[in-house]
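**Student:** Can you read through this structure? Questions will come right after.
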Amino acid sequence: MRGPAWPIGALLVGYPVWWALGFGGLAVIVLAVPMGVLLWRRRPIRVPRGFGLWVLLLAGYLVSALMLAESPPGTYGEFGPGRIVGYVMRLALYTAVLVMVLYLGNLTEQELPQLRLVRMLGVLFLTTVAGGLLGVFFPAFAFTSPLELVLPDWISGNSFVQNLIHPTAAQTQKVLGYAMPRPEAPFEWANAWGNNVSVLLVWFVVGWWVYGGRRHRVFVAVMVALAAVPIVYSLNRGLWIGLGLALAYLIVRVGGRTRVVLCGVTAVAALAFAISPLAPLVAQRLDKPHSNDIRAFTVSATIAAAGHSPVIGYGNTRNAMGNHRTITTGKTQWCQGCGHPPLGSDGQLWLLIITQGFTGAALYVAFFAGAIRRHWRDRSPIGLAGVLVMGLVLLYMFVYDGLVTPLSLYLISYALLWRNP
């Protein structure tokens, strides 16, 4: 895309290239540099209402660096390069999305029409579906990215960094009691794929169904049907709940003929799914809720640890001693897979609580809840969709990390609401 909107086009439409290069969700950090330069030249800079909460969130994260060398009771791990790298990457991401929102909000409708931005999100949805199908049918697909080749081992060897820079099609886990791949391409984790596909689906429907013609709507129907395959194979209960609540939200908020059509389409889709081969897989996942115990342990340990630094947190995640079954299990040099997921890894809310204390979590909730309150009366398609995404953000913060790619999509959706006339 030519003109001042090119960084956004490069991020959304060009995302597969970034993923192949090893940047993936880190692309927003790279592109924030030209966005910041172009934004500075456009002074004075417009700022949306409520954006001060995000600035405070960022400032609080800077202060939380004071606790990086500390470890609360019940956790283990030494202060080293890995902890610093994780902190710096999160700080860079929080700063980059701040720049991105301001940049989007200061572009005029002529420079970047709302519909064009929505449809660019729709293009990324198509990329996400393609990546999901790749993960289902070719789960072993993976390769070493150019970025991974040039980074020093002490950085690329960090588990957090490795997930970001090493492209893989699927994440193999024993969610059903046996090893099964869960699609994650072109994102960093299987849960990130589930988070992102639901947000992008909202904008895909708005861009091509609501604002499209008959052929566009046929295309939407085909793509949504294809997307159902990796959505089911993702085994993402949070994603399934999010889609169900999104459908209920739309049925309540739209009226007249649209509501009747929506209910009819939902009934037909539910019947088609019930008789499809995908239904038994959903039933198996619902019968295997073993991850509930893991999440319960991690959440309780996170809250207990954060209680020792409730205002500014600890700057980064920590490793809990033991797991939900025993207090003696932990990661060792000979068993890197032992132990328990890091505290804060089971949802953005818990990540904020451990890294920035309860203050940071409150600012995050207030930021997105405030967007819902301000734009609730906007009943345009973009307004309804934007408020829906803000609601999904508040739902997913209990089960999904917002880092890395989901946070960019959250803030682009926020910018769409702000830009909406």
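**Student:** Does Tyr396 meet the test of being of a type in the set (Phe, Trp, Tyr) and at pLDDT 95 or above?
**Tutor:** Considered against the rule, which asks whether it is of a type in the set (Phe, Trp, Tyr) and at pLDDT 95 or above, Tyr396 comes out as yes.
**Student:** Which residue pairs have Cβ atoms closer than 7 Å, lie 6 or more positions apart in sequence or on different chains, and pair a first residue in the range 1-28 that is under 15 Å from Ser408 (Cα atoms) and open to solvent by 40 Å² or more (accessible area, probe 1.4 Å) with a second residue that is modelled with pLDDT of 95 or more and part of a helix (DSSP H, G or I)?
**Tutor:** Val13/Met120; Val13/Val123; Trp18/Ala27; Phe23/Val30
**Student:** Return the residues of the range 362-381 that are open to solvent by less than 10 Å² (accessible area, probe 1.4 Å) and aliphatic (A, V, I, L, M); say none if nothing qualifies.
**Tutor:** The one that is open to solvent by less than 10 Å² (accessible area, probe 1.4 Å) and aliphatic (A, V, I, L, M): Ala371.
**Student:** Let me ask you something else. Here's a check for you: in the range 344-367, which residue that is outside any helix (DSSP H, G or I) and touching a Phe, Trp or Tyr at 6+ places or on another chain (Cβ under 6 Å) is farthest from Arg90 (Cα to Cα)?
**Tutor:** The selected residue is Gly347.
**Student:** Which residue is nearest to the chain's Cα centre (by Cα), if the candidates are limited to the range 92-113 and must be of a type in the set (S, T, N, Q) and under 15 Å from Leu411 (Cα atoms)?
**Tutor:** Thr95
**Student:** A further question on this structure: Restricting to the range 140-155, name every residue that is part of a loop (DSSP other than H, G, I, E, B) and either at positive phi or open to solvent by 50 Å² or more (accessible area, probe 1.4 Å) (or both).
**Tutor:** Those that are part of a loop (DSSP other than H, G, I, E, B) and either at positive phi or open to solvent by 50 Å² or more (accessible area, probe 1.4 Å) (or both): Ala140, Phe141, Phe143, Thr144, Pro152.
**Student:** Turning to a different aspect of this structure: Can you name every residue in the range 160-179 that is modelled with pLDDT under 90, open to solvent by 20 Å² or more (accessible area, probe 1.4 Å) and on the phi < 0 side of the Ramachandran plot?
**Tutor:** The answer is Phe160, Gln162, Asn163, Thr172, Gln173, Lys174, Tyr178, Ala179.
**Student:** Then there's this: Name the residues in the range 38-85 that are among the hydrophobic types (A, V, I, L, M, F, W, C), open to solvent by 70 Å² or more (accessible area, probe 1.4 Å), in a loop (DSSP other than H, G, I, E, B) and closer than 28 Å to Ala366 by Cβ, would you?
**Tutor:** Val47
**Student:** Open to solvent by 20 Å² or more (accessible area, probe 1.4 Å), free of Cβ contacts under 8 Å to residues at least 24 places away in the same chain and part of a helix (DSSP H, G or I): does that describe Val88?
**Tutor:** Here the answer is yes, as Val88 does meet what is asked.
**Student:** For Ala32, indicate whether it is at pLDDT 95 or above and either out of contact with any helix residue (DSSP H, G or I) (no Cβ under 7 Å at 6 or more places or on another chain) or surrounded by fewer than 13 Cβ atoms within 10 Å (Cβ to Cβ) (or both).
**Tutor:** Answer is no for this residue.
The values are calculated or read from the model by the stated rules, or taken from the named source; none is laboratory data. Just so we're clear, the structure is a prediction, and the values are computed from it rather than from any experiment. Every residue, glycine among them, receives a Cβ derived from its backbone with ideal geometry; neighbour counts consider all protein chains shown. Note: accessible area is taken over every heavy atom of the protein model, side chains too, but ligands, DNA and RNA are not part of it. Shrake-Rupley method; radii C 1.70, N 1.55, O 1.52, S 1.80 Å.
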